[in-house]
Structure formats: C-alpha cells, structure tokens
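A short write-up of the structure that comes next.
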Amino acid sequence: MPQAWIIIERFENWEVDEANKFSFFGLSNRYRNVASEIAAKDVIFSYVSSGRSAFADMRIVREAGLKTLKIQSYDSPFAFYFSTAPLLVLPRQRWLSIKEVVADLDLTRGRADYRPLFQTSIRKITEHDAKLLKRKLEQAANQNPVAPGAGPVTPQEG
C-alpha cells in the first residue's frame with residue numbers, strides 16, 4: 001500500500017508548483033533523508049502555510065528517488081526534488097482549512113497547539129489521515145460551482 005505524506009509549503013512556492021503543473025516538489029538538503037523514503041505511487045497532500053493554513057491539492061509520486069534540482073524556480077534554493085503528478089487540485093476558494101479537520105486528524109487530534117507540526121516541509125501521515133483528507137478534498141471539489149472567473153476544479157488521473 002502506498003504511503004501518504006503531507007508537504008508543507010509557502011504560498012509563493014505552491015504558485016511555482018502550479019505554474020509547473022505540479023510536476024515536482026523541491027526540497028532543501030535538510031529533508032533529504034526523510035524524502036528518500038518516498039516511493040512511486042505514494043500520495044502527497046499539499047498544505048499551504050503563509051497565513052492560508054489549508055490543504056490545496058493531492059498529488060501522486062511518479063517515480064522513486066530524489067533528483068538534483070538544477071533550475072531554481074522557487075524563491076528559496078532547493079537542492080533536490082521528486083517528481084509528482086496532480087490527482088486533485090482545488091480552486092483557492094475551496095481549499096480545505098486545517099480548522100475543518102484538525103480535531104479528526106491523527107496528526108493533530110488532542111493537541112492544544114498543532115502549528116509546530118506544520119513547520120516541517122514533509123512528514124508521513126497515517127492511513128486514517130490520508131483517507132480523511134482524500135474524502136474532504138473530494139467533497140470540496142464536488143461543491144456547487146465557484147464564482148465566475150474563479151477557475152475549474154481540476155481532478156486528474158494518476
């Protein structure tokens with residue numbers, strides 16, 4: 001069974017990922033060891049910090065292994081990346097606020113202050129958390145249409 005992960009990134013870096021069609025996720029050398037555990041077909045839930053505190057998309061890892069990031073497009077230098085493909089990308093108006101799931105996630109349940117958990121760029125999550133986030137993101141994608149000009153929900157095949 002594939003492992004599920006949360007990647008935490010600033011809004012500006014999420015915009016870079018969006019511009020690159022969510023084809024990779026860059027990491028600093030600090031996270032090389034944990035990221036080396038990522039395998040093909042693992043599922044990644046993208047959490048956008050920077051005052052947004054919300055889950056924005058779900059991606060699948062295309063192939064195992066970290067690669068050297070030669071062309072820097074993020075606003076911070078990242079040494080490595082792993083390749084991804086989008087599974088579900090929500091319009092910004094439908095991003096899933098952490099407040100909607102904080103009481104139900106294994107990761108955050110019972111913690112008075114969960115914010116420090118979202119200061120690490122990448123972390124494994126339980127199967128329970130993966131199922132919960134997947135269900136909640138799919139529900140957000142299937143809500144009534146967003147305002148005109150807001151853009152479509154873009155579910156993708158993995």
Once ASN29 and HIS128 are pulled to full extension, the length gained, defined as 0.36 nm per residue separation minus their Cα-Cα distance, is 32.7 nm
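Please give the net charge around ALA79, taking every other residue with its beta carbon less than 12 angstrom from that of ALA79, where Lys and Arg add +1 and Asp and Glu add -1.
Result for the neighbourhood of ALA79: +4.
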Label model pair ARG115, SER50: point-to-point distance (7 angstrom along the Cα→beta-carbon line) in nm is 1.9
Computed from the beta carbon distance with a Förster radius of 22 Å, FRET efficiency for ARG135 and GLN93 to the nearest 0.05 stands at 0.70
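As a test of understanding, state the convex hull volume per residue of the chain from its alpha carbons, in Å³.
114
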For TYR81, TYR31, the accessible-area ranking with a 1.4 Å probe, largest leading, is TYR81, TYR31
For LYS136, counting only lysines whose alpha-carbon sits under 17 Å away and dropping same-chain residues fewer than eight positions off, the answer is LYS99
Taking 0.36 nm per residue of separation between LYS70 and ASN20 and subtracting their Cα-Cα distance, the length gained on full extension comes to 16.5 nm
Listed by chain and number, the aspartates and glutamates with an alpha carbon less than 16 angstrom from that of LYS131, same-chain partners under 8 positions apart left out, are ASP42, ASP57, GLU100, ASP104, ASP106
Of 119-131, 4-16, ordering from highest average Cβ density within 10 Å down gives 4-16, 119-131
In debye to the nearest 20, the charge dipole size for region 76-117, taken about the Cα centre with +1 at each Lys and Arg Cβ and -1 at each Asp and Glu Cβ, equals 140
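For the pair ASN142 and ALA103, what calculated FRET efficiency results from E = 1/(1 + (r/R0)^6), where r is the Cβ-Cβ distance and R0 = 25 Å, to the nearest 0.05? Before the final figure, lay out the partial values.
On the way: r = 22 Å, r/R0 = 0.89.
Calculated value: 0.65.
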With only helices counted (DSSP H, runs n ≥ 4, each -39500 (n - 2.57)), the per-residue ellipticity at 222 nm for the chain, to the nearest 500, works out to -5000 deg cm²/dmol
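Determine the dipole magnitude for the chain: charges of +1 sit on the beta-carbon of Lys and Arg, -1 on that of Asp and Glu, nothing else is charged, the reference point is the Cα centre, and the result goes in debye to the nearest 20.
For the chain, the charge dipole is close to 160 debye.
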For ARG52 the rounded accessible area (nearest 10 Å², probe 1.4 Å, non-protein molecules ignored) is 100
Excluding residues fewer than 8 positions from LYS67 in its own chain, the lysines with Cα under 21 Å of it are LYS21, LYS41, LYS124
Given unit charges at Cβ for Lys, Arg (+) and Asp, Glu (-), the dipole magnitude of region 1-42 about its Cα centre in debye, nearest 20, is 180
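The values are calculated or read from the model by the stated rules, or taken from the named source; none is laboratory data. Because the structure is predicted, anything quoted here is derived from the model rather than measured. In this analysis, Cβ positions are derived from the backbone assuming ideal geometry, glycine residues included, and neighbour counts consider all displayed protein chains. Heads up: the accessible areas ignore ligands, DNA and RNA and are worked out on the full protein's heavy atoms, side chains in. Shrake-Rupley method; radii C 1.70, N 1.55, O 1.52, S 1.80 Å.
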